[in-house]
Amino acid sequence: MKNNPVIGIIGGGQLGRMFIEEALRYNIECIIVDADKDCPASGIASHQIVGSISEEAPILRLGEKADILTYEIEHIYNQPLLELEKQGKKLIPSPRVLQIIQDKGLQKDFYSHHKIPTAPYVLVNKPDEWKLAVEKYKWKKFVAKSRKEGYDGRGVQFMSSNDLKSDKNIPFREPSILEALIDCRKEISIIVCRDQKGNIKMFPPVEMEFDPKANLVTMLICPAQISASLLKKAEGIAVKVVKAMNGTGIFAVEMFLSKINRWYVNEVAPRPHNSGHHTIEACYTSQFEQLLRILLDLPLGSTELIRPAVMINILGSKEFTGSYYLHGCNEALKIPGVYIHLYGKKESRPMRKLGHITILGKNIREAKRKANQVKRKISVQELKPVKGV
Ligand SMILES: Nc1ncnc2c1ncn2[C@@H]1O[C@H](COP(=O)(O)OP(=O)(O)OP(=O)(O)O)[C@@H](O)[C@H]1O
Ligand SMILES: [Mg+2]
């Protein structure tokens with residue numbers, strides 16, 4: 001490559017870190033903005049602007065230092081990015097796409113405007129509108145979502161119409177969405193990659209497996225176990241979403257498959273996604289390398305799966321907050337096809353994503369069996385200070 005550009009990343013979390021790991025293979029320099037000088041990407045970025053991603057100045061400073069800008073988190077101050085794009089700065093994906101995605105209400109309106117199937121919804125602004133909306137649609141059960149700033153399920157509440165008997169049960173005072181509860185058979189994600197020339201490739205779909213009691217994702221499985229005809233429909237919808245957004249970059253399209261085999265788009269993340277971590281070892285090209293290729297205007301890599309894979313998140317224990325270590329690595333690593341990734345977060349907090357493990361298998365059954373073994377062996381343990389030191 002002639003004249004290597006410098007890439008600027010807004011956010012220095014694990015997604016930024018794994019992106020930089022790939023950029024280093026191409027000898028590309030990456031600069032990050034993050035308020036935390038110990039953030040996961042800090043150790044491998046060539047430079048860090050220590051500043052808030054919610055403020056204008058650090059973002060504009062990044063714009064001065066880098067040739068191409070991208071972001072690894074949606075909750076960033078978008079106004080300066082819109083300005084930079086107007087001035088001709090290369091920003092991938094465009095902040096105009098981010099504008100839609102940052103507000104779940106605008107996102108839902110976008111889907112209905114473009115005739116993209118999504119769960120029926122109502123936008124509400126004040127608590128007294130909640131009851132009216134739920135009565136109108138005769139929802140016994142529904143899902144309430146805060147329009148902005150939600151992530152990892154925070155800002156999402158499963159509710160019943162009975163909850164609205166008292167105003168106290170209304171979880172969000174701010175503008176929100178109320179959505180029909182979809183009776184899900186499966187929940188999948190498809191990562192769509194679209195380069196600067198408009199070429200498209202998709203990674204094989206990933207299926208989330210849930211613990212039905214805790215309603216928590218227990219593992220992510222690739223490829224998703226769905227029929228070829230259902231998959232074709234889902235892929236068609238995912239591509240339609242990205243084309244409608246006129247998006248360049250990589251986009252994780254989260255979808256529900258209902259018990260009567262209907263697809264609904266839940267939401268889109270315009271960046272590498274938790275459901276694409278297995279691509280590092282399981283696919284010819286990882287999601288991070290794919291984004292890098294798009295930013296550098298190189299050909300899209302093959303998204304073909306080399307081996308079926310299961311991915312499990314390493315989450316902080318509910319029992320403590322503080323220093324930690326991963327117990328059980330010695331045992332887990334005796335199993336072939338097990339890849340541990342730790343993000344270098346200094347502190348464990350309940351349910352915080354500290355890393356992930358990808359497990360490859362000859363088939364999904366084998367990968368799942370090994371993943372369950374790994375789960376039994378691995379745990380996040382508190383690292384207690386040694387007395388007297
Ligand atoms: N309308 C719905 N019907 C059924 N389940 C839903 C619905 N909306 C959301 N969920 C469930 O709640 C989860 C979280 O919702 P959503 O993805 O909108 O929130 P989020 O905070 O952006 O989460 P994340 O960051 O984990 O993607 C979904 O993955 C799905 O399991
Ligand atoms: Mg989601």
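The values are calculated or read from the model by the stated rules, or taken from the named source; none is laboratory data. Fair warning: this is a prediction, and the values are worked out from it, not measured in the lab. Side chains are part of the model used for accessible areas, which takes the heavy atoms of the whole protein and leaves out ligands, DNA and RNA. Shrake-Rupley method; radii C 1.70, N 1.55, O 1.52, S 1.80 Å.
The mean accessible area for residues of the chain, using a 1.4 Å probe and ignoring ligands and nucleic acids, is 48 Å² per residue. Relative to the 2.2 N^0.38 Å rule of thumb, the chain has a C-alpha radius of gyration ratio of 1.00. Whole angstrom only: what separates the Cα centroid of the range 77-145 from the Cα centroid of the range 201-246? A separation of 21 Å, based on Cα centres.
For the residue pairs K37/K126; K140/K213; K138/K259; K213/K362; K186/K353, the C-alpha atoms sit more than 27 angstrom apart in K37/K126; K213/K362. What is the Cα centroid distance between the range 267-315 and the range 160-180, reported in whole angstrom? Answer, in whole Å: 37.
Please figure out what share of the DSSP beta bridges in the chain is antiparallel and state it in percent, rounded to the nearest 5.
80
Only protein heavy atoms count here; under a 1.4 Å probe, H47 has an accessible surface of about 80 Å². Straight-line cross-link reach from K115 at under 17 Å between alpha-carbon atoms covers these lysines, not counting any fewer than eight positions away in the same chain: K104, K233, K240, K243.
Among the protein heavy atoms, those of L60 account for about 60 Å² of accessible surface (1.4 Å probe, every chain in place). Ignoring aspartates and glutamates fewer than eight residues from K318 along the same chain, the ones with Cα atoms less than 14 angstrom from its Cα are E347, E382. Over the chain, dividing the summed -39,500 (n - 2.57) contributions of all DSSP H runs of at least 4 residues by the number of residues returns a 222 nm mean residue ellipticity of -8000 deg cm²/dmol.
For the range 184-382, a Kirkwood radius taken over Cα pairs fed into Stokes-Einstein (10 °C, viscosity 1.306 mPa s) yields D = 90 µm²/s. Given a 1.4 Å probe and every protein chain left where it sits, what share in percent of the accessible area of the chain is carbon and sulfur? After summing per-atom areas, the C and S share lands at 49 percent.
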